[in-house]
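This report refers to the structure that appears directly beneath it.
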Amino acid sequence: MSPSTRADSVRDRIVSAAKAEFSQYGIAGARMDRIARGAGTSKERVYAYFSSKVALYRFVSA
């Protein structure tokens, strides 16, 4: 698997976990650590892709 394919996979897992988190808890109740855990990655990696919870929410809500 190429580095860009791995990166896409991590990003896709983050987006999927974020959709589930936001749908269950809303933006106010969603937690980045739960999103990271659901994606099988670190919270730092989530922030490497998305600068904030709001940015992630906007991305998954678009």
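For the peptides 45-51, 22-28, 34-40, the ranking by mean Cβ contacts within 10 Å, running from highest to lowest, is 34-40, 45-51, 22-28. Counted residue by residue at 0.36 nm each, then reduced by the alpha carbon distance between them, the extension gain from S51 to I27 reaches 7.1 nm. For the chain, the relative contact order is 34 percent, taking Cα pairs closer than 8 Å that sit 6 or more residues apart in sequence and dividing their mean separation by the residue count. Each of (1) 10.9, 36; (2) 13.2, 48; (3) 22.2, 64 is a candidate for Rg and Dmax of the Cα atoms in Å; the one calculated from this structure is (1).
Only the coordinates and a few stated rules stand behind these numbers; no lab work does. In this text the structure is predicted, and so the values were computed from the model without any measurement. So basically every Cβ, Gly included, is an ideal-geometry build from the backbone, and we count neighbours across all protein chains shown.
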